[in-house]
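Take a look at the structure below.
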Amino acid sequence: MIRKKTTFVFALFGVTVLMMALQKPLFLMRYWSMAGDATATDWFRVVWYGLTHDVTLAGYVTALPLLASIASLWVRMPERIWTKVMRVWLYAVSILTAAIFAVDLGLYEHWGFRIDATVLIYLTDPKDAAASVDWMTGLSGFALFAVWAWGMMWCYRHVADLFDGDPVLPHRTAVWLTLAGLFLGGLDFLAIRGGAGESTANVSKAYFSSNMFLNHAATNPVFSFLHSLGKRQDYASEYAFRSDEECARLFDSLRGNAAPATPTVELLTRKRPNVVVILLESFARTIMETDAVGERVMPNLDRYKAEGVWFENMFANSFRTDRGEVAVLSGFPAQTTISIMKLPGKSRNLPSIARSLKREGYSTSFYYGGDLNFTDQSSYMYATGWERLVWQKDLSFDAPMSKWGWNDETMCAYVGDEVLRLSRESKEPFLVGFLTLSSHMPFDVPYHKYEHPMLNAVSFSDKHLGKMLDRWKASDAWDNLLVVLVADHGYPYPEDLEYNAPLRHRIPLILTGGAVREKRVVEEYASQIDIAATLLGQMGIDHSDYDYSKDIFAPAPPCKFGYYAFNNGFGVTDAEGEFVFDCTSGRVIRDTNPRLRQIGEVMLQTTYRDIARR
C-alpha cells in the first residue's frame, strides 16, 4: 500500500515530464527547414534545457494529486471516487496541453515565437480568427490535438490506476506517511519554483543558444502560455494624460531619431574601436562622492573620471537592474510597475547596441557572474543580438561564490583576460558587455574596509574594476579600446534620500580607453536611454530605430533632459529645474520647472503605448 502511494506520485511526475519533453523533437521535425543545420548535440540540448520548463509543469500537475494522496490517509472515501477525481484532473490537463501544443505548432510559422497570452486577443472574435485558418491547417491541427490528448489520457489513466485511496492504516503509519508526503510537497514546490536559486521559473530558463530558433524549440508552449497569462495588461490604456494624437505630436519634438545629424563633438580617434560596456551594480553618484576614513569610496572610478569623458548630469532611468540594462543597451525607457525584459514577446523587438554593432561586423558577448535567467535576462540578450552569453553556469573557479554568484574580484580577473584574448585573437571588432554584482545586497564580499556594508561592497568592486582597467591600459589592446562605464541604477544613500528624488537616480557615466580623443566634462542633461544614440553617433552608425535615445552631442533635438520612472511615477530634470510626479496619488512631488511636466507625461504615455504595440 505504501509503495503504491509513492509509486503513483513519482509515476505521475515522470510521465508528465516525458510527455512534455516529447514535444521538443516533434517541434524540430515539424520545422525541419529551420532545424536543418542543427546537430545531434543541438537536438539533445533542446530537450535537456527544455526540461526546466517540463519539470515546473510536472510540479504543477502533481501538486493536486499529491495533496489528495495525503488527504486519503485520513479521509475515508471509496477508492473509485478518489480514482475518478484523479482522472478528471489528469484528463483536463491532457486536453489543455494538447490544445496549446496543437495551436502553437500551427502558429509558429506565422508568428515566429512560442504561443503566449497574445493569442487570447484574437479569440475575442472567434469568427474572424477561424477565417484566417485554412481547412487543411485546421484539420491537421485538430488531428494533432486529438492524438496528443488521447495519448496523454491513455498514459494518465494507467497512472491513475496506481492511486491507492484506502485509508486503512495504523495511526502512527499515517502520521509518518503524511510527513513523507509533506517532504515530497517541498520537493514539488522546488520543481514549480524552478529550483532553489535566486532565479525562479521563467521563459528564458530554457534558453541556451544564440540561435533563437533553438531557444524557441526548447521552450515549453504550455509553460510559455500559462506564464504570460499573469502578465497580461492593457498597456495602451495606462497613463492617458492626453489623447494619443496629441501625445504623438508632442513626442515628435522629443524624438531621439527625429533628424539625423552629425555630432557637434568628436570624442573618438577611430570609428570602429573594440567596445566594452560595463554596467556597474548600484554605483550611485552619492556614493561615488562620499568620503570615508579619509578617502573616496571609489578612488579608481574617480581616477578614470579625470582621464576620460565624464558626464556630469547623467541619470538612471529606473531603480532596478533589468530596466536599467534595457535603457542602456536598447535606449528604451524604464517602466513604472512592469519590466519589458520580463515580457520576451515584446523585449525581442527592441533595438539594441548589440544588434546595431553586429550589423557592422562586430562579434558580441556578455559576461555576468550570476544567473542570467533572473528577470528573463538571457531571453532579452539572445533576442537582441548578443551572440555569446557567459554566466554562472558556464564558469568554474577555485574561489568562494557569493549569494548572487561569482564576485567581482573573480569576474574582473576573468573578463580582463577575455578582453585581452579577444584583442589578440579576434579578426573582427568586438562588443563585450559585463554586469558586476558584488555591490548588490546582501553585500557579502571578502573585504573589510568600511563598517557600512554598501560602502564596503562598492569599494571592493571599485578596487577590482581598477585592476582590470589598469591591465587593459598597460596592454597593446588599449589603443583600440572604448570602455563605457555606467551604473545600472542609483542607490538610496544616504538612507534618508527619497526614493523618487532626482539625486536618487543620478549616476556616473565615463568613456575611457585609448580610442577616446581627449578628456572632457559634458554638462548636458541626459539619461541612460541616450547612451545608445550617443555611442552609435560617435561611430557613424545609423540609430534611427532608437525612438527615445538622443545623441547628446547632436544639434537636434534641442531639448536635453534626464528622465526616469519609479513605482507608478516619473521624474524629469534639466539645467533649469526638475519635476517629479506620483501617478498613484496624482500629486506633484517636486516642481521647480513646470515645463518638464509635459515631457514626463508624454514620455511615460508613449512608452506604454509602444509596449502595447510590440
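The values are calculated or read from the model by the stated rules, or taken from the named source; none is laboratory data. Please read all numbers here as calculations on a predicted model, not as lab measurements. Here the Cβ is made from the backbone with ideal geometry for all residues, glycine too, and neighbour counts use every protein chain on show. The accessibility values were calculated without ligands, DNA or RNA, using every heavy atom of the protein model including side chains. Shrake-Rupley method; radii C 1.70, N 1.55, O 1.52, S 1.80 Å.
With the convex hull drawn around the C-alpha atoms of region 455-541, the volume per residue stands at 116 Å³. Taking the inverse of the mean 1/r over every pair of distinct Cα atoms in region 474-599 gives a Kirkwood hydrodynamic radius of 16.4 Å.
Approximating the spin labels as points 7 Å out from Cα along Cα→Cβ, the Trp150-to-Leu497 distance works out to 6.6 nm.
Loop sites here are GluC sites (Glu not before Pro) outside DSSP states H, G, I, E and B with no more than 14 other Cβ atoms within 10 Å. The longest part of the chain free of them is 1-197. Of the solvent-accessible surface of the chain, computed with a 1.4 Å probe and all protein chains present, 58% belongs to carbon and sulfur. In summary, the lysines within cross-link reach of Lys427, defined as a Cα separation below 25 angstrom excluding same-chain residues under 8 places away, comprise Lys271, Lys358, Lys473. In the chain, the DSSP beta bridges split such that about 50 percent are antiparallel, to the nearest 5. Projected onto its three principal axes, the C-alpha set of region 319-453 covers 44, 44, 24 Å, listed from the longest axis down. In terms of accessible area, using a 1.4 Å probe and ignoring ligands and nucleic acids, Phe101, Phe443 rank largest first as Phe443, Phe101.
On the principal axes of its alpha-carbon atoms, region 488-532 has extents of 40, 18, 18 Å, going from largest to smallest. Applying 1/(1 + (r/R0)^6) with R0 = 25 Å to the Cβ-Cβ distance of Thr178 and Val88 gives a FRET efficiency near 0.55. One chain, two ends: Asp417 and Arg595. Fully extended at 0.36 nm per residue, the span grows by 59.2 nm beyond their Cα-Cα distance. The label-point distance for Met136 and Ala63, in a model that sets each label 7 Å from Cα toward Cβ, rounds to 4.2 nm. Quick check on region 191-310: take the gyration tensor over C-alpha atoms, sort the square-rooted eigenvalues as a ≥ b ≥ c, and tell me if it's rounded (a/c under 1.5), prolate or oblate. Oblate is the answer for region 191-310, as a/c is 1.5 or above yet b/c matches or exceeds a/b. Read through the labelled values (i) 14, 24, 26, 18, 11, 6, 1, 0; (ii) 18, 49, 30, 3, 0; (iii) 18, 46, 29, 7, 0 and report the label of the one computed as P(r) over Cα pairs in 20 Å bins from 0, in percent from the structure. Answer by label: (iii).
Label zone of Thr6 (point 7 Å out along Cα→Cβ, amide N under 14 Å): in region 62-85 this covers no residue at all. Per residue, the chain exposes an accessible area of 42 Å² to a 1.4 Å probe, with every protein chain left in place. For region 1-106, the equivalent ellipsoid built from the Cα gyration tensor has semi-axes of 34, 15, 9 Å, listed from largest to smallest.
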